[in-house]
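What follows is a short report on a single structure.
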Amino acid sequence: MSTPDWDRRAAIAACGAFALVAAMPGKTALAQSGLAVSNIRVDVAPLRAKAGEPTATWVEQELPRQLAEALLSGRRTPKGGTLVVRVDSLTIGPNKDSRAWDNISGVATIGGVERPVRATSRYWASAIDPATIAQSNHARVSAAVQALAFWIARDL
């Protein structure tokens with residue numbers, strides 16, 4: 001084996017080991033650093049005033065379930081605080097070249113500490129999309145809610 005081959009293999013092995021070591025503490029810290037949550041409450045009054053129905057009802061029904069799934073099981077405990085998420089806005093973006101960005105934002109409060117939260121989801125138009133605009137919008141709202149739940153669970 002020549003020196004350049006050895007150097008290349010050593011560099012690849014070192015990069016792989018570094019990536020493995022760098023990834024491990026991050027996951028452990030994320031699981032241990034999260035605040036405990038006992039209850040989840042969602043307030044869509046500002047969203048209902050801006051976006052109306054059925055958008056507000058979809059968010060009100062889906063966000064608690066998505067948050068429960070996104071939170072690590074060890075973080076749901078009777079000794080935790082109540083997580084209150086106020087959803088202020090949800091924007092279904094216009095389609096441009098068969099794609100669009102949907103945005104959702106609000107405030108998450110736990111233990112008296114408010115944190116602004118927001119998420120973006122990308123929509124790609126497809127030939128197999130739901131037949132009606134209402135069905136399509138429901139799917140897009142669900143995707144935005146899922147993205148928001150992910151970021152809230154990650155940042156708590």
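Please work out which residue is surrounded by the most Cβ atoms within 10 Å (Cβ to Cβ), limiting yourself to region 109-147 and to residues that are within 12 Å of the chain's Cα centre (by Cα) and over 16 Å from G93 (Cα atoms).
It comes out as V117.
Looking at (1) more than 13 Å from the chain's Cα centre (by Cα); (2) farther than 24 Å from G52 by Cα; (3) free of Cβ contacts under 8 Å to residues at least 60 places away in the same chain, which is the one condition that is false for D155?
For D155, the exception is condition (1).
Of everything in region 127-146, what is farther than 27 Å from L67 by Cβ and of a type outside the set (V, I, T)? Give them in sequence order.
Within region 127-146, A127, A131 qualify.
Within the set of pairs 6+ apart or on separate chains, which have a first residue in region 116-133 that is under 17 Å from I104 (Cα atoms), a second that is surrounded by 12 or more Cβ atoms within 10 Å (Cβ to Cβ) and among the small types (G, A, S), and C-beta atoms under 6 Å apart?
V117/G106; V117/A108; R118/S105; A119/A147; S121/A143; S121/A144; S121/A147; Y123/A100
Looking for whichever is without any contact (Cβ under 8 Å) to a residue 12 or more places away in the chain and under 15 Å from V42 (Cβ atoms) here; the options are R65, R86. Which one fits? Talk me through it step by step, then tell me what you get.
Working: R86 fails: without any contact (Cβ under 8 Å) to a residue 12 or more places away in the chain.
Among R65, R86, only R65 is without any contact (Cβ under 8 Å) to a residue 12 or more places away in the chain and under 15 Å from V42 (Cβ atoms).
Just checking, which of N137, N103 is in a strand (DSSP E or B) and of a type outside the set (A, V, I, L, M)?
Residue meeting the stated conditions: N103.
For every residue, the table says whether it meets (1) closer than 19 Å to T57 by Cβ; (2) free of Cβ contacts under 8 Å to residues at least 24 places away in the same chain; (3) of a type outside the set (A, V, I, L, M).
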| position | (1), (2), (3) |
| --- | --- |
| E114 | no, yes, yes |
| R140 | yes, no, yes |
| A144 | yes, no, no |
| F150 | no, no, yes |
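We did not get these values from a lab; they are worked out from the coordinates using the rules stated. No experiment lies behind these values; they were computed from the predicted model shown. Heads up, the Cβs are rebuilt from the backbone with ideal geometry, glycines too, and the neighbour counts pull from every protein chain shown.
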